[in-house]
1. Would you confirm, using the coordinates I've provided, whether Ala34 is buried (at least 19 other Cβ atoms within 10 Å of the Cβ), among the small types (Gly, Ala, Ser) and farther than 15 Å from Gln222 by Cα?
2. Under the condition of being surrounded by fewer than 20 Cβ atoms within 10 Å (Cβ to Cβ) and closer than 30 Å to Cys110 by Cβ, which residue from segment 56-80 is modelled with the lowest pLDDT?
3. Check Leu315 against each of (1) more than 18 Å from Gly226 (Cα to Cα); (2) in a helix (DSSP H, G or I) and name the one condition it does not meet.
4. Give me the pairs, please: first residue somewhere in segment 110-138 and among the aromatic types (Phe, Trp, Tyr), second residue anywhere and outside any loop (DSSP other than H, G, I, E, B), beta-carbon distance under 6 Å, and either six or more positions apart or on two chains.
5. Return the residue satisfying two criteria in turn: it lies in segment 366-393 and is free of Cβ contacts under 8 Å to residues at least 60 places away in the same chain and of a type in the set (Val, Ile, Thr), and of such residues it is surrounded by the most Cβ atoms within 10 Å (Cβ to Cβ).
6. Exactly one of (1) surrounded by fewer than 20 Cβ atoms within 10 Å (Cβ to Cβ); (2) over 30 Å from Met322 (Cβ atoms); (3) under 14 Å from the mean Cα position of the chain (by Cα) is unmet by Ala219. Its number?
7. Checking Ala92 against (1) crowded, with 21+ Cβ neighbours inside 10 Å; (2) farther than 25 Å from Leu29 by Cα; (3) within 22 Å of the chain's Cα centre (by Cα), which test does it fail?
8. Determine whether Phe205 is more than 20 Å from Ala59 (Cα to Cα), open to solvent by 40 Å² or more (accessible area, probe 1.4 Å), among the aromatic types (Phe, Trp, Tyr) and assigned to a helix (DSSP H, G or I).
Amino acid sequence: MFVGKFMNGKTAVLADQMLVSGSMLLTQLLVVRALGIQEYGFFSVVSLVQLFALSLQQAGITGMYMVVAPGMAVGQRKVYKAGMMAVMIVVALAMLVFAAGMFPVYGSMCSRTAYVMFAAGIPLAMFQDMFRRVLLADGCYRSAFVTDILNNGLQLAGLVALYASGMSSLTAVAVVCTVSYLPAFVYGFRSMGVFPSRAAVKTVFTHSGREALWMTGSALLQWFAGNFYILAAGWWLGVTALGVLRLGQYLFGFLNVILQAVENYLLPKAGAYAGEPARLIVYLKRTQKYMLLVVVGIMLPGLLVVSPVINFLKLDASGELMTVVYGLAIVYLLVVFGYPVRIALRALQHSNVFFGGYVLNAVFGMSTAWILIGHWSLKGVMAGLFLSQVILLSYWLGVLQHKYKVLWK
């Protein structure tokens, strides 16, 4: 009722994103408090696989719907959704077959029940994400909100019950996380208002097949470039280090909500200046200063809260986690600085520059990770993430300077 009466458009999207991001952070804190940092490290591996699958799904499936749906008639949109759901079912089945094939290799890392639950949870998470994004795109804000409340509310309630009962284990956490998707899946499926149709798949490929392949490839490269140092740390330093890094990232999750809201607001504004690049860049440079002031104003009190949170978690790796938190604070300041640059490139339709920047990032990560991590461990990871942002921004700013003769300073 609240969503339907008082919220619409950007407000509803922001509220839904805050619900999802806030629940995700609470989930991580509960899991690491219940299991300890080492088992949480394995949980982080599963979370990374899930985020990888979600990034590809968002780029190649739901992202395409959000682009093409506004130009479709109601009936055509329903056909597209039916085909999209059929594609998702095929993808989910393929993932389950792949997981079954990988069991002899990775099954010994956890119990059989945990492996099955985690393997089933990843495609369920993809369906959940598809439902919420499509419903938001269709203006069905209440339905999207309900799916997220069902999923996240049940998951948090189940994890709290496990922790309070003293029955926490990786297997129990896997069961809770996966089962919590089921009510939301049923509700989301009904809210879509269509049934999967094999015949409708042709409509999906006709409208966005080639573009979906390009977007999926770009998302794959972007995810790899952004997470290579995290993956490399998990490989060389072990799952405990991976758990520390992932927990540190989740502690900064609130900034992602802010940046997403800023992007949703600034893109239409920037698009209005697309025909006047110099004016666009002046506008975004002015916006950049306000963004940095706001983020610094939020980040400084947030850093004061981190130490009590870490004490509550009772982690053996508290010193390493503080190193990661302070390192990520510096990295995120660079990310915030670069966000208006990113928006400028999008408004001026330089997707190729995006791609080129992430190619540079990937090459840098693969050629330097073993040196930085091998010599400085987690501090090397922080250095690598920082230098990756410097390279990315330097390339983007260099292109803007070359094309438009406007110095960004």
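The values are calculated or read from the model by the stated rules, or taken from the named source; none is laboratory data. As the structure is a prediction and not an experimental result, all values here were calculated from the model. Methodologically, a virtual Cβ is constructed for each residue, glycine included, from the backbone with ideal geometry; neighbour enumeration extends over all protein chains shown. SASA here: full protein model, heavy atoms, side chains in, ligands and nucleic acids out. Shrake-Rupley method; radii C 1.70, N 1.55, O 1.52, S 1.80 Å.
1. Working: buried (at least 19 other Cβ atoms within 10 Å of the Cβ): yes; among the small types (Gly, Ala, Ser): yes; farther than 15 Å from Gln222 by Cα: yes.
Yes, satisfied.
2. Gln58
3. (2)
4. Close Cβ pairs (under 6 Å, with a partner that is outside any loop (DSSP other than H, G, I, E, B)) amount to Tyr115/Gly107; Phe118/Val46; Phe118/Ala174; Phe127/Phe185; Phe131/Thr147; Phe131/Gly188.
5. Per the stated criteria, the residue is Thr368.
6. With (1) surrounded by fewer than 20 Cβ atoms within 10 Å (Cβ to Cβ); (2) over 30 Å from Met322 (Cβ atoms); (3) under 14 Å from the mean Cα position of the chain (by Cα) applied to Ala219, the lone miss is (1).
7. Ala92 satisfies every listed condition except (1).
8. No: the conditions fail for Phe205.
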